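Everything on this sheet refers to the single structure shown next.
The values are calculated or read from the model by the stated rules, or taken from the named source; none is laboratory data. Predicted model only: the values in this text are computed from it and were never measured. Because the Cβ atoms are built from the backbone with ideal geometry, glycine has one as well, and the counts that use them run over all protein chains shown. Note: accessible area is taken over every heavy atom of the protein model, side chains too, but ligands, DNA and RNA are not part of it. Shrake-Rupley method; radii C 1.70, N 1.55, O 1.52, S 1.80 Å.
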Amino acid sequence: MWWTLAAALVAAGTALLIAFVAYPYQKKKDRKLKEHSEKLAAYQRFVFAVTSHHSLLASSLYEEEDRGIIAAYPNVVAASYEVIFYGPPGVISACQKYLETLLEYQNYVLGALGSEKHARASKEHPKGREAFIPSQRARRLAILAIRKDITDETEEAAQVAINAFFTMTPVEEETA
C-alpha cells in the first residue's frame, strides 16, 4: 500500500519537474530553432533576389536590351526588408551597402541601354567596370556577413566557403 503512495508521489514529482523545468526549456529551444529557420529563409530570399537581379543586370548589359530590370527591382527591396527583421547591425550594414552599389550598377546599365534619367540618377556616373566592381565587392561582403551570422565558423573558413562562388577574373584581381 505504501508502495502505491510512493509511486504516486514519484509520478507527481516527475510530472511537476517536466512541467516546470523541462517543458519551458524545450519550448525556449524550439523558439530559438524556429527563429533561426526564419532567419535562414529570409537570408536565402535576399541572396536569391540580389543574385538574380545582379545577373539580370549583367545579361541585359551583355544582350544590350532591358530584360525587365525595373520590374525585378521590387523583389530585391522586399527581400531586403526581411534582413532588417533578422539580421544583426553588421549584416544590415553590409546588405545596405550592397543595395546602394547595386542601384548604382542598375543606373549605369539602364543608362547604357538608353535611359537618360538613369544615367543622370547615378551619384558619380560610374562607367563600365567602375560600376560593376564595387557592386560585386559589396555583394561578396554582404554574403560573407550573412554566412558568418548563420554559422559559427571563423572569418577564414567563411571566406574559403564563398570563394567558390566569387572567383575573380585576372582583370578583377588586378583592380581588387
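Tabulated results
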read-out: Sites matching trypsin sites (Lys or Arg not before Pro) across segment 89-123 that sit in DSSP coil, with at most 14 neighbouring C-beta atoms within 10 Å; value: K123
read-out: Value of D in µm² per second that Stokes-Einstein yields for segment 20-75, Kirkwood Rh from Cα pairs, at 4 °C (1.567 mPa s); value: 93
read-out: Two-decimal log10 I(q)/I(0) for segment 37-122, as the Debye equation yields it once each C-alpha is a single scatterer, q = 0.26 Å⁻¹; value: -1.23
read-out: Cut-off 13 Å between beta-carbons: net charge of the residues surrounding S52, Lys and Arg +1, Asp and Glu -1; value: +3
read-out: Candidate residues E116, E65, E104: accessible-area rank, largest first, probe 1.4 Å; value: E116, E65, E104
read-out: Partner lysines for K117 [C-alpha distance under 30 Å; skip if fewer than 8 residues away on the same chain]; value: K97, K127
